[in-house]
Amino acid sequence: MDCVKIGKLIAKLRKEKNLTQRNVADALGIQNKTVSKWECGLGCPDLSLWPELSAILGVDMKQMMEGEITSNKPDSGNIDKVRFYVCPSCGNILVSTGSASIFCCGRKLERILPTVATIAPKITVEEIDTDYFATFDHPMTKDHYLSFVAYVKSDRVFLNRLYPEQSPTCRFPITTGGKLFVYCIKHGLSVYSGNL
């Protein structure tokens, strides 16, 4: 660990949060001289303090330990670069429109990549009022179900969360083009392109 680099980062993050060294020290239950020592590069925080310190400063602990925060590149506004993430612990579904560092339940999540289309569920689509009503031929048991369906078009993502023992159906506005993403917890992500 580069204590000088880490110290400069701690000082920068602390100032961004409008915190004093005493504020950080009080929150960690240590002396403010200790925080000053870190910021001067004369030592690094004890391992037991890192989780709470990263929470106070609002940054990823791993990146803080490396002494630099990797910024995401600005979103270029291309919805075609949409990426989906599912937390293996809690099942949360997260979406980004480009490269991003996505964390949930203390873990960095990896982007879900589409699987081979041969195992994609069969879909039936009907027009009802101003919406498409999609029905999927897929089991919805606790061990094998569709977790989400997302329709991506232009500048929008219509995300439908599905649950075990629920009907595998969803609605989204009628529009031409776009892509439909369907995520099965067993078989992964399938993508349907073109007109539905």
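The values are calculated or read from the model by the stated rules, or taken from the named source; none is laboratory data. Values in this document were obtained by computation on a predicted structure and should not be read as measured data. Positions of Cβ are generated from backbone atoms using ideal geometry, with glycine treated the same way; all protein chains shown enter the neighbour counts. Just so you know, the surface numbers come from the protein's heavy atoms only, side chains and all, with ligands and any DNA or RNA stripped out. Shrake-Rupley method; radii C 1.70, N 1.55, O 1.52, S 1.80 Å.
Numerical summary
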quantity	calculated
Relative packing of peptides 8-14, 88-94, 168-174 - highest average C-beta neighbours within 10 Å first	8-14, 168-174, 88-94
Per residue, in Å², the accessible surface of the range 79-192 once ligands and nucleic acids are set aside, probe 1.4 Å	55 Å²
Whole-number accessible area per residue in Å² for the range 3-66, which is evaluated in the context of all protein chains at 1.4 Å	56 Å²
Pairwise Cα inverse-distance average, inverted: Kirkwood Rh of the range 3-66 (Å)	11.3 Å
Virtual spin-label span in nm between VAL157 and MET140, 7 Å along Cα→Cβ	2.3 nm
Förster radius 25 Å - calculated FRET efficiency between CYS87 and ASN32, Cβ distance, rounded to 0.05	0.10
Summed side-chain charge close to PRO51 - residues other than PRO51 whose Cβ falls under 13 Å, Lys, Arg +1, Asp, Glu -1	-2
Given LYS81/LYS186; LYS15/LYS108; LYS5/LYS108; LYS153/LYS179, the pairs whose alpha carbons are separated by over 18 Å	LYS81/LYS186; LYS15/LYS108; LYS5/LYS108
Protein accessible area in the chain, 1.4 Å probe - carbon and sulfur %	49 percent
List ASP60, ASP155, ordered by accessible area with a 1.4 Å probe, largest first	ASP155, ASP60
Sequence ranges 178-191, 34-47, ranked by mean other-Cβ count within 10 angstrom, highest first	178-191, 34-47
The chain - percent relative contact order, Cα under 8 Å, separation 6 or more	14 percent
Filtered GluC sites (Glu not before Pro), the range 100-196: DSSP coil and at most 12 other beta carbons within 10 Å	GLU110, GLU165
Förster radius 25 Å - calculated FRET efficiency between ARG107 and VAL191, Cβ distance, rounded to 0.05	0.50
Residue-count net charge about CYS170 - beta-carbon cut-off 13 Å; Lys, Arg +1, Asp, Glu -1	0
